[in-house]
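As structure tokens, the structure follows; a few thoughts come after it.
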Amino acid sequence: MRPKHLVDAVLFDTFGTVVDWRTGIAQAVAEFAGDAVDADRFALAWRGRYQPSMTPVRRGERGFVDLDVLHRENLEATAAEFDLPLDRDPSDVDWLNRAWHRLPAWPDSVPGLTAIKREFIIGPLSNGHTALLTNMAKHAGLPWDVIIGSDITRTYKPDPNAYLRAAELLHLPPERVMLCAAHNIDLAAAQKAGLRTAFIPRPTEYGPDQREDLHATGPWDVIGRDIADLATQLREHMM
């Protein structure tokens, strides 16, 4: 009898779990602004507006708009906070805003994903939209089987529909889909929706002063050191 895997699909939170957004965004800010701002602080402040900007969409107070729109609004607010003028060639500002499409992968991501892909369907389960996630995959060499953007599910995590719709689109029951994330809150929402869960730490996602998500805080199905270790553990979880 053929061994049965714990799940059929392993989907991944992307920003912070698979790609290093802080390094990528800080590099883009430094190229755009030079010494006018502290690029790392700017990147953290820009990212800090990410979750609050999605709240009205989740609550139904605003129609769905994709992350390019939200990132641009957040960029303008962050630039004002840092007194960084954006009154220059619009293509330069668009280039900076689309830095979220060009983020570098963590060193273990591509080899780990490649190993998992041999046995499982893999793809992002991200708040990014399809174009952003596709461009990111091309830039970072992420070997996804499928990309289901938030513009397809029309909602943002941790809305349960974000997880359930992804499983539905793969024609899989929730319990046959696993979410891997470096964020315990994301995993708690996925678990509540019926998905399997895997935690990997990214202790430098927010820099040397990071205090949250340094370790697993919930009863997740798998806890790994990184994505490569997750691949090893998934092979060991055959039933």
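The values are calculated or read from the model by the stated rules, or taken from the named source; none is laboratory data. Nothing here was measured: the structure is a model prediction, and the numbers come from that model. Don't worry about glycine lacking a Cβ; one is built from the backbone with ideal geometry, like all the others, and counts go over all protein chains shown. The accessibility values were calculated without ligands, DNA or RNA, using every heavy atom of the protein model including side chains. Shrake-Rupley method; radii C 1.70, N 1.55, O 1.52, S 1.80 Å.
Below is a table of values for the structure above.
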read-out: Estimated FRET transfer efficiency when R0 is 22 angstrom, pair V65-I185 (beta carbons, to 0.05); value: 0.45
read-out: Charge dipole of the chain about the Cα centre (unit charges at C-beta), most positive-ward option of I227, W46, Y206; value: I227
read-out: The chain: calculated mean residue ellipticity at 222 nm from DSSP helix runs of at least 4, using -39500 (n - 2.57); value: -13000 deg cm²/dmol
read-out: Unit charges on C-beta of K, R, D, E only; dipole of the chain, Debye; value: 980 debye
read-out: Neighbour cut-off at most 12 other Cβ (10 Å), DSSP loop, trypsin sites (Lys or Arg not before Pro), segment 63-124; value: R88, R118
read-out: Built amide H within the under 5 Å cut-off of C180, gap 5+; value: L11, F12, D13, A198
read-out: GNM top mover of R49, R59, R41 - the chain, alpha-carbon springs below 10 Å; value: R59
read-out: At 1.306 mPa s and 10 °C, Stokes diffusion of the chain via Kirkwood alpha-carbon radius, µm² per second; value: 87 µm²/s
read-out: Residues T114 and R154, FRET efficiency given R0 of 25 Å [Cβ-Cβ distance, rounded to 0.05]; value: 0.25
read-out: Cα long-axis angle, helix 21-33 against the chain (0 to 90 degrees, to the nearest 10); value: 20 degrees
read-out: DSSP-defined antiparallel bridges as percent of all bridges, the chain, nearest 5; value: 5 percent
read-out: Stokes-Einstein D (µm²/s) once Rh is taken as the Kirkwood radius of segment 146-215 over alpha-carbon pairs, at 20 °C in 1.002 mPa s; value: 167 µm²/s
read-out: Kirkwood Rh and Cα Rg combined as Rg over Rh, evaluated for segment 1-116; value: 1.09
read-out: Hits among lysines - C-alpha to C-alpha of K138 under 20 Å, sequence gap 8 or more where chains match; value: K117
read-out: Segment 105-190 - charge dipole about Cα centre, Lys and Arg +1 at Cβ, Asp and Glu -1, debye rounded to 20; value: 140 debye
read-out: Segment 71-229, relative contact order in percent, only Cα pairs under 8 angstrom and at least six apart counted; value: 17 percent
read-out: Relative contact order of segment 130-171, defined on C-alpha pairs under 8 angstrom at six or more residues apart (%); value: 29 percent
read-out: Candidate residues K4, K192: accessible-area rank, largest first, probe 1.4 Å; value: K192, K4
read-out: Equivalent ellipsoid dimensions for segment 81-223 as semi-axes, Å, which come from the Cα gyration tensor, largest first; value: 27, 19, 16
read-out: Segment 60-140: relative contact order in percent, alpha carbon pairs under 8 Å with at least 6 residues between; value: 39 percent
read-out: ³J(HN,Hα) computed for each position of segment 216-233 - Karplus, 6.51 cos²θ - 1.76 cosθ + 1.60, integer Hz, glycine/proline x; value: 5, 10, x, x, 6, 5, 9, 10, x, 6, 6, 5, 5, 5, 4, 4, 4, 5
